[in-house]
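Have a look at the structure below, then the notes.
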Amino acid sequence: MKSVLVAGYTTRHVAASASRAGYDVYAVDHFCDQDLISCTKDHLAFDELDELPFAVDGMLERYDIDHVVTTSGAELLEMPRRLGTVADVAKRFMDKGKTQDFFEEIGVPVPRRLEKGEYPAMMKTLSGAGGWRNACVRSDAERGIWEEFVEHVPCMAQEPIAGQPASVSCLGTGTSALALCANEQILRGGDTCAYAFSGSLTPCRHPLAGRMMELAEKIVAASGCVGSVGVDFVLTDKEAYAIEINPRFQGTVETVEKALGINLFSLHADACLGILPKKRPDPVCFAVRRILVAPCDITINADLSAISADITDIPYPGTSFEEGEVMFSVTGFGKTREEAFASLDKHIRDALQLIKE
């Protein structure tokens with residue numbers, strides 16, 4: 001049995017997949033929720049990202065670990081025995097400006113970059129994941145407010161594209177790629193953090209899903225990335241516009257594995273060795289995951305592990321959350337898209353009821 005250290009800001013989705021694949025799993029993680037602890041041999045928690053490298057070093061000194069897999073926040077760390085895209089390759093795609101340059105170089109559709117003073121404009125920080133700081137502004141005044149909100153870090157402006165947020169889950173070998181499936185992305189909406197990633201539905205049945213997967217294979221094959229790689233898009237009635245590359249496991253792991261009946265970690269490990277599946281797997285169901293945020297300041301006293309079949313990222317009883325902070329995720333499954341969302345809604349109601357009791 002091989003061992004793997006999964007390191008990053010949030011690792012539970014990857015650690016669980018690795019455990020199901022038969023690995024001894026160790027984790028360095030910010031949250032260390034109940035379901036992460038249950039699938040790992042040992043774990044270390046950290047508060048700020050600048051503490052992450054020291055926690056990783058500590059775990060590697062403590063155990064003889066075969067592989068290291070990095071998730072969000074750890075993509076650029078130099079790691080021994082890395083199983084995934086190396087830091088030098090990932091670095092280009094952690095910068096949204098350089099990513100746009102890459103898309104333009106290889107000739108894939110991408111939103112037009114805007115000059116200052118062109119509106120409306122989709123504002124993005126050049127670094128950072130999850131889309132929670134993205135915002136559409138319509139004037140110099142609104143742009144100024146947004147720049148103050150993001151503390152004047154380097155940013156870029158793109159032409160807003162109205163359509164379905166989506167993504168493709170790919171496997172890459174560094175020179176070739178296979179798109180496993182297309183996913184609908186669920187965004188938070190509302191007035192604050194409207195474009196924050198808040199879940200996914202697999203598979204995506206948009207008319208341009210096939211076109212999107214073909215573009216994703218072209219992108220990943222040219223990127224040099226290996227293992228599990230995600231490409232984000234916006235789908236309109238006429239085109240699939242590439243938005244970002246995620247050179248790591250994505251937040252869609254649960255819905256991809258359930259909808260396709262696969263183990264993504266095993267496929268990731270094979271792809272890192274240059275091995276891709278001979279064909280794209282056929283979906284066996286629809287799977288959906290939604291990230292729930294606290295509607296107000298709240299302390300969860302209930303033990304949500306009682307409904308662990310329906311939720312993930314399970315906090316310990318007594319954990320407190322501020323309004324707008326992520327609490328946990330809820331899943332749903334069905335033979336159709338509608339059945340999957342109906343299942344999700346029921347599981348959300350069950351979870352909220354348990355919290356109230």
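The values are calculated or read from the model by the stated rules, or taken from the named source; none is laboratory data. Keep in mind that what you see is a predicted model, and the values were worked out from it rather than measured. Positions of Cβ are generated from backbone atoms using ideal geometry, with glycine treated the same way; all protein chains shown enter the neighbour counts. These area figures cover heavy atoms from the full protein model, side chains too; ligands, DNA and RNA do not enter into them. Shrake-Rupley method; radii C 1.70, N 1.55, O 1.52, S 1.80 Å.
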Scanning the range 145-158 residue by residue, those of a type outside the set (A, V, I, L, M) and open to solvent by 30 Å² or more (accessible area, probe 1.4 Å) turn out to be Glu147, Glu148, Phe149, Glu151, His152, Pro154, Cys155
Selection from the range 197-255 of residues that are outside any loop (DSSP other than H, G, I, E, B), of a type in the set (D, E, K, R) and either over 18 Å from Arg289 (Cα atoms) or more than 16 Å from the chain's Cα centre (by Cα) (or both):
Arg211, Glu214, Glu217, Lys218, Glu244
How many residues, within the range 290-322, are under 26 Å from Val253 (Cα atoms) and open to solvent by 40 Å² or more (accessible area, probe 1.4 Å)?
11
Could you tell me how many of the residues in the range 256-265 are surrounded by fewer than 24 Cβ atoms within 10 Å (Cβ to Cβ) and within 17 Å of the chain's Cα centre (by Cα)?
3
Restricting attention to strands (runs of 3 or more DSSP E) lying wholly within the range 271-333, give those where 3 or more residues are under 19 Å from Leu187 (Cα atoms).
286-293
Which condition breaks for Ala194 when tested against (1) farther than 21 Å from Gly251 by Cα; (2) part of a loop (DSSP other than H, G, I, E, B); (3) not aromatic (Phe, Trp, Tyr)?
(1)
Considering the range 112-127, residues that are open to solvent by 50 Å² or more (accessible area, probe 1.4 Å) and over 21 Å from the mean Cα position of the chain (by Cα), and then whichever is modelled with the lowest pLDDT, we arrive at Lys116
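Check every one of the strands (runs of 3 or more DSSP E) wholly within the range 1-111 and list those with 2 or more residues that are in contact with a strand residue (DSSP E or B) (Cβ under 9 Å, 6 or more places away or on another chain), open to solvent by 10 Å² or more (accessible area, probe 1.4 Å) and within 17 Å of Cys272 (Cα to Cα).
So the answer is 67-70.
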